[in-house]
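Undergrad: The structure's right below; bear with me while I get my questions together.
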Amino acid sequence: MYKHLTIEQRVLIEDRLNKHCSVRSIAKELGVSPSTILREINRHITTFKAKLNDCSNRRDCINKSLCGKEDCNRHCAKCKTIKCSKYCTDYVKAKCPKLETAPCVCNGCKSFYTCEYERHVYSGSAADKQYKETLVSARTGFDVTAKEMERIDKIASPLIKNGLSPYHVKQTLGDELPVSESTLRRMIDRCELNARNVDLRVKVKLNPRDTTKNKARNKELSVSKIGHFYTDYLRYIEENDTFTVEMDCVEGKKGETDALLTLTWKNLSLQIAIILEEQTSECVVEALDKLEEILGEKLFIKVFPLILTDNGTEFSNISAMETSKLGFKRTKIFFCDPNRSDQKGTCENHHKMIRYCIPKGTSLKPYMQADINLMMNHINSYKRKALFGKSAYELAKGSLPEDFFILLGLEPVEPDKIILSPKLFRHSKRNG
């Protein structure tokens, strides 16, 4: 109760507005009050300015030379270099009649791109970004008065300048210091006190955190992913007795396009890998089509009931991944939350064993699919403590059809002959 809206809910609001759903129906679907939806829309509207003069009197206007250029014979209403709102006292801003009724946005309007009025649009991803910026700015300041800040500086700064840590200062002063240790550190970092970062021994040794990495990696949730979010995945597996296949990509050498598409059966710890010429959505769909061709329609549907993946651009073509070339639905695709690779942790952990054989930064060009199959057979035959002394192959044999192993060439490797290092490929060539 009283929780903030999530990115998934905001994207759903955008989708429903595009479909002309009422505010009341959206509120009912999300389990909130209509006023909550209206406030959300009104707070996060993106405004597009009118393309032309937006004065309601422009059609009958005969004013000239309002800008002071007496030699100009052009009507001011048709001028593209000045704004009527700046010079004309008769200016009255024109508004689209559709914006006068709730929810007061242009989402789903057929005339959006040709409209001459100012347009208001609600975007789920833009709203979530604005919400997060507001949240951060609201928590940036310090909840203390000027007199309290002066007192904190007076009692804390001398101790810190004597080489004592903020933790020691807080423990020493106790309730006499009305802020926490972390708040005291932030005050020092923002130069609110006479004590500075240079007075902190550990602080000067640390490199500043690079905050651009996570921003660059942030993936926005689009309207096309409605029904495919992680919350939808949790709901689906709760309602259906099925297992999960986690899908991801392992990159090769930096600057090269080759990659490995990995598919991991979560509850069985079995993993297969397919070479992709490029890490693109086209190559991913092509790899799934090839698997379906090898296994056949019925077996593919049986072993790939649903696939959980991340928000990488190579997994953006949802329809093509879910649908066979023949037009039937072959699987269901769901996505983890942005920057939450732990939601498909089984897949991520298995990539570590791939890196035992193909270290990070190694080119994938020298390897054939047969080499990758060999590597995965060794990985799947490796006995693991997490599997109570069994291998993934042994665990999967009791759950997946026999044809699945035969058609994909999945074979067990004797425990004393397993190699999980780059010499696996050298060894196989010598014995080839």
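Undergrad: Collect the residues in region 300-336 that are open to solvent by 10 Å² or more (accessible area, probe 1.4 Å), at pLDDT 90 or above and aliphatic (A, V, I, L, M), keeping them in residue-number order.
TA: Those that are open to solvent by 10 Å² or more (accessible area, probe 1.4 Å), at pLDDT 90 or above and aliphatic (A, V, I, L, M): I301, I318, A320.
Undergrad: Which one is modelled with the lowest pLDDT, of the residues in region 192-222 that are closer than 14 Å to N311 by Cβ and aliphatic (A, V, I, L, M)? Steps first, please.
TA: If we filter region 192-222 for residues that are closer than 14 Å to N311 by Cβ, which is where we start, we get 214, 216-222.
Narrowing the set further to residues that are aliphatic (A, V, I, L, M) leaves 216, 221.
Details: A216: 43, L221: 56.
Among those that are closer than 14 Å to N311 by Cβ and aliphatic (A, V, I, L, M), it is A216.
Undergrad: Which residue out of L395, L400, L407, L424 is surrounded by 14 or more Cβ atoms within 10 Å (Cβ to Cβ), part of a loop (DSSP other than H, G, I, E, B) and not acidic (D, E)?
TA: Details: L395 fails: part of a loop (DSSP other than H, G, I, E, B); L407 fails: part of a loop (DSSP other than H, G, I, E, B); L424 fails: part of a loop (DSSP other than H, G, I, E, B).
On inspection, the qualifying residue turns out to be L400.
Undergrad: Determine whether S363 is modelled with pLDDT of 90 or more, in a loop (DSSP other than H, G, I, E, B), out of contact with any Pro (no Cβ under 7 Å at 6 or more places or on another chain) and open to solvent by 20 Å² or more (accessible area, probe 1.4 Å). Reasoning before the result, please.
TA: Details: modelled with pLDDT of 90 or more: yes; in a loop (DSSP other than H, G, I, E, B): yes; out of contact with any Pro (no Cβ under 7 Å at 6 or more places or on another chain): yes; open to solvent by 20 Å² or more (accessible area, probe 1.4 Å): yes.
Here the answer is yes, as S363 does meet what is asked.
Undergrad: Within region 3-25, how many residues turn out to be at pLDDT below 90, surrounded by 15 or more Cβ atoms within 10 Å (Cβ to Cβ) and not aliphatic (A, V, I, L, M)?
TA: 2
Undergrad: Let me ask something else. Taking into account only those residues within region 243-287 that are part of a helix (DSSP H, G or I) and of a type in the set (D, E), which is surrounded by the most Cβ atoms within 10 Å (Cβ to Cβ)? Walk me through how you get there before you give the answer.
TA: First pass over region 243-287, keeping only residues part of a helix (DSSP H, G or I): 281-287.
Add one more test, that the residue is of a type in the set (D, E), and what stays is 282, 286.
Working: E282: 13, E286: 17.
Looking at the filtered set, the residue picked out is E286.
Undergrad: Also: Go over the candidates A126, A77 one by one and state the one that is open to solvent by 40 Å² or more (accessible area, probe 1.4 Å) and part of a helix (DSSP H, G or I). Walk me through how you get there before you give the answer.
TA: Values: A77 fails: open to solvent by 40 Å² or more (accessible area, probe 1.4 Å).
Criteria check complete, one pass: A126.
Undergrad: Residues to consider are Y117, Y91, Y131; find the one that is of a type in the set (F, W, Y) and touching a Ser or Thr at 6+ places or on another chain (Cβ under 8 Å).
TA: On the way: Y117 fails: touching a Ser or Thr at 6+ places or on another chain (Cβ under 8 Å); Y131 fails: touching a Ser or Thr at 6+ places or on another chain (Cβ under 8 Å).
Exactly one of Y117, Y91, Y131 is of a type in the set (F, W, Y) and touching a Ser or Thr at 6+ places or on another chain (Cβ under 8 Å), namely Y91.
Undergrad: Starting from residues that are of a type in the set (A, V, I, L, M) and within 28 Å of T114 (Cα to Cα), keep the ones in region 44-74 and report whichever is surrounded by the most Cβ atoms within 10 Å (Cβ to Cβ).
TA: As a first pass, look at region 44-74 and keep what is of a type in the set (A, V, I, L, M): 45, 50, 52, 62, 66.
Going one step further and asking which of them are within 28 Å of T114 (Cα to Cα), we end up with 45, 50, 52, 62.
On the way: I45: 19, A50: 16, L52: 11, I62: 7.
Looking at the filtered set, the residue picked out is I45.
The values are calculated or read from the model by the stated rules, or taken from the named source; none is laboratory data. Computed from a predicted structure; not experimentally measured. All Cβ positions, glycine included, derive from the backbone under ideal geometry; neighbour counts span all protein chains shown. To get the accessible areas, we keep the full protein, side chains included, count just its heavy atoms, and leave off ligands, DNA and RNA. Shrake-Rupley method; radii C 1.70, N 1.55, O 1.52, S 1.80 Å.
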